[in-house]
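Undergrad: First the structure, then my questions, so here it is.
Just so it is clear, none of the values below were taken in a lab; they were calculated from the coordinates. The shown structure was predicted, so the numbers you read here are calculated from the model rather than taken from an experiment. Here the Cβ is made from the backbone with ideal geometry for all residues, glycine too, and neighbour counts use every protein chain on show.
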Amino acid sequence: MFDNSRRRTFVLGLDGVPYSFLKQAFAKGQMPHLAKMAGQAGLKKINSVYPTISSVAWTSYMTGVNPAEHNIFGFVNRNADPFRITIPTAQDRKAETIWSALSRQGKRVIVINVPLTYPPEEVNGILASGFLCTDIEKCAYPASFNRYLKEKDYIIDVDAWLARSNKKEEFMQQLHQAMEKRFQLAWELIEKEKWDFFQLHIMETDRLFHFFWNDVENQSEFSAPANSFFEKLDLFIHKLQERLSGNDRLLILSDHGFCAVKSEVQLNAWLEEQGFLRFEDNVEKKLPNYSKESLCYSLIPGRIFINLQGREQKGSVSKNDYQKLRLEIKEKLLEFNDPNNGEKVIEKVFFREEIYKGPYLEQAADIIAHPVDGYDLKGKVGAKAVFEMSELNGMHTYDDAFALGINLGLDSIDSIQDFKKIIH
């Protein structure tokens, strides 16, 4: 066993756990171990990123820079010419991560399950990548660690289709199992390996809230197994803290909050209704088949790309009309209401240069629409209606993430992008 008496840093990511959820749980006497830690260290509310999704948030955290500097703008992206939909991976990330910088300094790092770490990069230590990896034989650096994960029956990610196909009990069991495997792996590595920086990421909290938010909030059918999950999480955090020394720095944080879904909003269907997105009569409605007559199209969540001449494969909008069109779309988005109740759908509309700055600004969407909480922006093409519901009943929120730090000052932290400077 290694002597780990020097000061180290452990980061625990609890994906999507809201500040408000923890405050309510603590007030009810739930999650007592984490409540005690929050009482000692303080619990801070922080902001996420735009758009509010895990791949962008955790990449902003791990690099300490905004999307126009790290080049990750969403779970999906598009190549403009020739047009095709792509899925960004760690190979598309252009800024250095915390663990890469520490590795260069001779520090030993262990990183487990953080989003957008696949394919695994070479580090001075161990890196097991997150959910974009589907093959445990290709999950980790060094490659020899894949065998160790396989022997431990490690679970890269749960099967969300179980929940979508109404096999929620089986899905909940997987959530419990995956979380247990992750903590067991971390406990072993904490004690067996030499390390200066260790990050463990729990994705199961996000998965649970997407499908069980209403149960948790309303204490309905699946509230008991969901409550059991958080009781177990609280106990595991306690056991984790017991394995750290009093000199270690411990950071626990989330990347965004959660709220109930009022409706999913198919933004491409809305753009089509407004005449901004068009398809020929004789083609299948798929995004690559959009007509040259189109003025724009959308990718999740709420990212709108102008069909600009000289940039897009089918570009039809002149550079002279670019800003005028953006202003028109912004105005219509801010006037967009839910016909069922008259509520606003879009809270804020940003032009990319208003929130991003960096060498990859041109890769960003021209317009980023941020919804009112409860309206989950989607990008389906050919949807029968603008407003739909699915098996997902929880969605991300921007301003309800949290951070808790032991032996780690958080005074300078306002958003998830700010952490790299204090971890160094």
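Undergrad: Given the -39500 (n - 2.57) contribution per DSSP H run of 4+ residues, what per-residue ellipticity at 222 nm results for the chain, rounded to the nearest 500 deg cm²/dmol? List each step's numbers first, then the result.
TA: Working: 14 runs with 145 residues, N = 424.
Dividing the helical sum by the residues of the chain leaves -10000 deg cm²/dmol.
Undergrad: Sequence gap at least 6, Cα distance under 8 Å: using those rules, report the relative contact order of region 242-308 to the nearest whole percent. Write down the numbers at each step before the final one.
TA: Details: 49 pairs, mean separation 14.4, N = 67.
That works out to 22 percent.
Undergrad: How many percent of Cα pairs in region 263-388 exceed 21 Å? Don't jump to the answer; show the numbers that get you there.
TA: Values: 2897 of 7875 pairs.
Distances greater than 21 Å cover 37 percent of the Cα pairs.
Undergrad: If you take the square roots of the eigenvalues of the alpha-carbon gyration tensor of region 359-424 and sort them as a ≥ b ≥ c, do you get rounded (a/c under 1.5), prolate (a/b over b/c) or oblate? Provide the component values of the computation, followed by the final result.
TA: On the way: a/c = 3.70, a/b = 1.80, b/c = 2.06.
Oblate.
Undergrad: At a threshold of 8 angstrom on Cα-Cα distance, excluding pairs fewer than six apart, so keeping six or more, what relative contact order does the chain reach in percent? Please report the intermediate quantities before stating the final value.
TA: Values: 866 pairs, mean separation 121.9, N = 424.
With pairs under 8 Å counted, the relative contact order is 29 percent.
Undergrad: What's the Kirkwood radius of region 38-155 in Å, using all Cα pairs? Show your work: numbers first, answer last.
TA: Working: mean 1/r = 0.0640 Å⁻¹.
By the Kirkwood definition, the hydrodynamic radius is 15.6 Å.
Undergrad: Same structure again: Considering only Cα-Cα distances, which of the following residue pairs are longer than 24 Å: Lys192/Lys239; Lys167/Lys285; Lys23/Lys107; Lys152/Lys232; Lys344/Lys420? Before the final figure, lay out the partial values.
TA: On the way: Lys192/Lys239 16 Å; Lys167/Lys285 31 Å; Lys23/Lys107 35 Å; Lys152/Lys232 20 Å; Lys344/Lys420 36 Å.
Over 24 Å Cα-Cα: Lys167/Lys285; Lys23/Lys107; Lys344/Lys420.
Undergrad: Give the Debye-formula value of log10 I(q)/I(0) at each listed q (0.07, 0.09 Å⁻¹), with one equal scatterer per alpha carbon of the chain, two decimals each.
TA: Values, matching the q order: -0.35, -0.58.
Undergrad: Quick one: which residues, 5 or more positions from Lys348 or on another chain, have an amide H under 5 Å from its amide H? H modelled 1.01 Å from N in the peptide plane, none for Pro or chain starts.
TA: His370
Undergrad: Continuing with the same structure: Using Cα pairs closer than 8 Å and at least 6 residues apart in sequence, work out the relative contact order for region 256-376, in percent. Each step should come with its number before you reach the end.
TA: Numbers: 168 pairs, mean separation 31.6, N = 121.
Reported as a whole number, the value is 26 percent.
Undergrad: Angle, helix 54-63 long axis vs. longest principal axis of the chain, Cα atoms, 0 to 90°, nearest 10?
TA: 60 degrees
Undergrad: Now a separate question. Between 0 and 90 degrees, rounded to the nearest ten: what's the tilt of helix 204-218 against the longest Cα principal axis of the chain?
TA: Relative to the chain, helix 204-218 is tipped by roughly 80 degrees.
Undergrad: Measure nothing but the geometry: give the 0 to 90° angle between the long axis through the Cα atoms of 223-243 and the longest principal axis through the Cα atoms of the chain, rounded to 10°.
TA: Approximately 50 degrees, to the nearest 10.
Undergrad: For the chain, give the share of DSSP beta bridges that are antiparallel, in percent and rounded to the nearest 5; count only bridges with both residues there. Before the final figure, lay out the partial values.
TA: Working: 32 of 57 bridges.
Roughly 55 percent of the beta bridges in the chain run antiparallel, per DSSP.
Undergrad: Can you tell me what share of the DSSP beta bridges in region 263-388 is antiparallel? A percent to the nearest 5 is fine. Walk me through the numbers on the way to the answer.
TA: On the way: 14 of 19 bridges.
The antiparallel fraction comes to roughly 75 percent.
Undergrad: By what distance, in whole Å, do the Cα atoms of region 97-252 stretch along each of the three principal axes, largest value first?
TA: Here the Cα extents, ordered largest to smallest, are 50, 36, 27 Å.
Undergrad: Here's a follow-up. Net charge near Val345: determine it from the other residues with C-beta under 15 Å of the C-beta of Val345, scoring Lys and Arg +1 and Asp and Glu -1. Write down the numbers at each step before the final one.
TA: Details: positive: Lys262, Lys330, Lys332, Lys344, Lys348, Lys378; negative: Glu264, Glu273, Glu331, Glu335, Asp338, Glu343, Glu347, Asp373, Asp376, Glu388.
So the environment of Val345 carries a net charge of -4.
Undergrad: Let me ask another. Could you tell me the center-to-center distance, by alpha carbons, between region 33-54 and region 215-269 in angstrom?
TA: 11 Å
Undergrad: Looking at region 61-207 only, what percent of DSSP beta bridges run antiparallel? Nearest 5 please. It would help to have the intermediate numbers written out before the result.
TA: Values: 6 of 14 bridges.
Antiparallel: roughly 45 percent of the beta bridges in region 61-207.
Undergrad: From the residues Ser48, Leu162, Ile85, which one has its Cα farthest along the dipole of the chain in the positive direction, the dipole being from +1 and -1 charges on Cβ of Lys/Arg and Asp/Glu about the Cα centre?
TA: So the residue furthest toward the plus end is Ser48.
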